[in-house]
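These notes are about the structure you will find just below.
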Amino acid sequence: MLPVGEGAPRFRVKFYLVAMLFVIFDIEVVFMYPWAVQFKELIATSAMALLSMACFVAILGVAYLYVLKKGVLNWKA
């Protein structure tokens, strides 16, 4: 068969980077949900649960700041 029209459009690499970052940070929120549901019981047994989640959120924050600093989310460039 002869092809009709052009092939699939090419996407820029930034599109894929933003998509991967969205999936990564979205999955991290899924890990936070069970912790938030069991928060009262976890704190009653040990304060270590709060410290571990604080470390987890801090690592996510550092990763987000790194992404912003690298300019991955800047669509104009």
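Computed over the alpha-carbon atoms, region 13-70 gives an Rg to Rh ratio of 1.11, Rh here being the Kirkwood radius from the mean inverse distance. Net charge dipole, the chain: roughly 420 debye, given to the nearest 20, about the Cα centre with Cβ charges of +1 for Lys and Arg and -1 for Asp and Glu. Simple rule: put +1 on each Lys or Arg Cβ and -1 on each Asp or Glu Cβ in the chain, find the dipole, and look at ILE43, VAL72, VAL23; the Cα lying farthest toward the positive end is VAL72. Applying both filters, DSSP loop and at most 16 other Cβ atoms within 10 Å, to the chymotrypsin sites (Phe, Trp or Tyr not before Pro) of region 1-58 gives PHE11.
Values in this text are rule-based calculations from the coordinates and carry no lab data. Owing to the predicted nature of the structure, the values given are computational and were not obtained by experimental measurement. Quick reminder, even Gly has a Cβ in these numbers, built from the backbone with ideal geometry, and neighbours come from all protein chains shown.
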